[in-house]
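This report concerns only the one structure given below.
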Amino acid sequence: MADVSPTSPAATTALVIRSWPKIVLMLPTLFVSIICGIIMALRGPPSESAVFGGIHAVGLFFLVILAVNLTILLYDLNLRGFLIVVLLIGVLVLGLCLLNRGGGLWASLGKALSVRVAANAAFYFVFSLILLFNLLIAWVITRFNYWKVEHNEIIIHRGFMQEQERHPTAQARFKLVIDDIVEYGILGTGTLIFYFGDDDTEHELSTVLFVHKKARRLDDLLGRVMVTTKP
């Protein structure tokens with residue numbers, strides 16, 4: 001248990017915790033769409049050529065990142081699952097290398113995967129604006145739904161009417177859970193589960209950004225933290 005004096009900064013500075021909507025995890029797709037838009041703006045509009053070229057590679061790269069990002073939102077991949085996926089990819093690549101001992105396999109795969117997908121710069125920039133608009137909405141939501149942890153109480157703010165729920169920190173405990181190792185790698189996201197002894201209730205805050213930093217501050221304010229991974 002941390003020894004925090006009443007006059008120390010950790011004991012007097014309040015901690016604000018916000019649970020973000022999952023849309024915040026679409027930031028990789030946002031950055032890629034902006035990059036692809038800039039590339040297409042410099043290259044000019046896509047041509048109708050049937051030959052697979054750089055423009056098609058840009059389109060495929062964007063679609064792959066978008067597909068992976070959407071998959072991250074759909075599934076929670078813990079550390080064991082992440083390692084299994086990495087091992088499966090490694091086995092697949094090794095198997096393809098062994099099959100390619102006679103030559104020609106990689107060329108055949110490249111030809112098969114040469115899907116001619118092309119989009120102009122306007123598509124990527126409009127897509128970026130749509131994501132930015134939704135991220136702005138998520139930011140506004142978190143301004144009205146958040147937790148404020150002080151040295152003597154926890155204040156839960158809910159909704160646009162600023163409804164409040166208060167719990168004493170003396171009877172509060174929390175647990176840190178890493179639901180998805182990939183999401184944690186993107187923005188350090190995790191889940192904080194609080195137990196309140198004054199009314200025997202449990203509250204969960206999911207998609208907390210940079211959760212370990214928040215947990216260290218909570219450890220100073222509340223005492224002890226437990227770190228687990230989702231089974």
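Condition check ((1) within 30 Å of Ile34 (Cα to Cα); (2) at pLDDT below 75) across all residues:
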residue	(1), (2)
Gly90	no, no
Asn100	no, yes
Val115	yes, yes
Ala121	yes, no
Asn145	yes, no
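For segment 116-156: of the residues being hydroxyl-bearing (Ser, Thr, Tyr) and not in a strand (DSSP E or B), which is surrounded by the most Cβ atoms within 10 Å (Cβ to Cβ)?
Tyr124
The conditions of being among the aromatic types (Phe, Trp, Tyr), more than 21 Å from the chain's Cα centre (by Cα) and closer than 24 Å to Ile23 by Cβ are not met by Phe210. Which of the residues belonging to segment 157-187 are buried (at least 18 other Cβ atoms within 10 Å of the Cβ) and within 18 Å of Asp198 (Cβ to Cβ)? Selection gives His167, Ala172, Phe174. Sub-7 Å Cβ pairs linking a first residue in segment 201-216 that is over 17 Å from Ile72 (Cα atoms) to a second residue that is among the polar types (S, T, N, Q) and buried (at least 21 other Cβ atoms within 10 Å of the Cβ), at least 6 apart or interchain, are Val211/Thr189, ordered by first then second residue.
The values are calculated or read from the model by the stated rules, or taken from the named source; none is laboratory data. Being a predicted model, the structure only gives us computed values, none of them experimental. Using ideal geometry, Cβ is built from the backbone for each residue, glycine included, and neighbour counts are taken over all protein chains shown.
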